[in-house]
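Report on the structure given below.
The values are calculated or read from the model by the stated rules, or taken from the named source; none is laboratory data. All values reported here derive from a predicted model rather than from experimental measurement. Methodologically, a virtual Cβ is constructed for each residue, glycine included, from the backbone with ideal geometry; neighbour enumeration extends over all protein chains shown. Accessible surface areas use protein heavy atoms only, side chains included; no ligands, DNA or RNA. Shrake-Rupley method; radii C 1.70, N 1.55, O 1.52, S 1.80 Å.
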Amino acid sequence: DTYVSTSGTSFSTPLLASASALLLQIHPHLTPTELIQRMKLSANNRTSPNNTYGWGKPDLTVAPARIDSTTYIYFLSAGWNLVSFPIYPPSDFRFANQIDDYYWYDGSSYRTTIEPTPGKGYFVLIEEAGMDTVSGTPLETAELDLEPGWNLVGAGAYLIPRNSLDISPLEIYQYSTRERRYKISDGLGPTKGYWLLMLEPAVYTITGGM
């Protein structure tokens, strides 16, 4: 009649099985090997897997995102969403239920634009929750100059764990529309936007994954 906190493979196995089922609902064409690879690429220890922690925890908010180098899936909630683009979207692109323009942060205030670019993070207001597929020109690399303080950035084609970043942010936060709060993030994943707190200037490079 009580709940306790514990750990072990007996519980991680059904969790991964259910995560695999969700991923196959979105990408039913995936072979078992391709599905496992998707899981690994979204895991928070993928750059240094070991016998203790394995590949880490897969992130089911980013594992289904990439279809190929030109197309990504976005899962949007009603309200404000923090997004980014691992591709160059079509000119004047808007999500199906988007209200108003894209909002980005210039280091001191918010500004609006109608043409988002890779490397930056954007707030978008969505009227009704849903899934959008966005296609555009493949991205090779993009660079963004970061300043001391808070920076709103985007992500590349795959999840990059925090310990693999070529920059050293003091904090990484992601906005949860469903919970209406910011959450500490283990890394940067495709289609999502993030707040980075920097202590010194840096150049942030994202990779599109051709």
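Tabulated values for the structure
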item	result
Within region 123-173, tally of residues that are modelled with pLDDT under 90, in a strand (DSSP E or B) and of a type in the set (Gly, Ala, Ser)	1
Strands (runs of 3 or more DSSP E) wholly inside region 32-111 that include at least 1 residues being open to solvent by less than 60 Å² (accessible area, probe 1.4 Å), modelled with pLDDT of 90 or more and of a type in the set (Ser, Thr, Tyr)	71-76, 98-105
Within region 117-142, considering residues that are touching a residue at least 40 places away in the same chain (Cβ under 8 Å) and of a type in the set (Ser, Thr, Tyr), the one farthest from Phe93 (Cα to Cα)	Thr141
Residues being within 27 Å of the chain's Cα centre (by Cα) and either open to solvent by 60 Å² or more (accessible area, probe 1.4 Å) or charged (D, E, K, R) (or both) - total across region 1-16	7
Matching residues, region 164-185, being loosely packed, with under 10 Cβ neighbours inside 10 Å and either of a type in the set (Asp, Glu) or touching a Lys or Arg at 6+ places or on another chain (Cβ under 6 Å) (or both)	Asp166, Glu179
Residue match in region 152-175 (condition: over 22 Å from Ala43 (Cα atoms), touching a strand residue (DSSP E or B) at 6+ places or on another chain (Cβ under 8 Å) and touching a residue at least 40 places away in the same chain (Cβ under 8 Å))	yes
Residue ID - farthest from Met131 (Cα to Cα), chosen from residues in region 10-31 that are of a type in the set (Val, Ile, Thr) and either touching a Pro at 6+ places or on another chain (Cβ under 7 Å) or part of a helix (DSSP H, G or I) (or both)	Thr13
Count - residues of region 65-89 that are over 22 Å from Leu22 (Cα atoms) and within 11 Å of the chain's Cα centre (by Cα)	4
Every pair of residues 6+ apart whose Cβ atoms lie under 6 Å, when the first sits in region 57-69 and is hydroxyl-bearing (Ser, Thr, Tyr) while the second is not in a strand (DSSP E or B)	Ser69/Met210
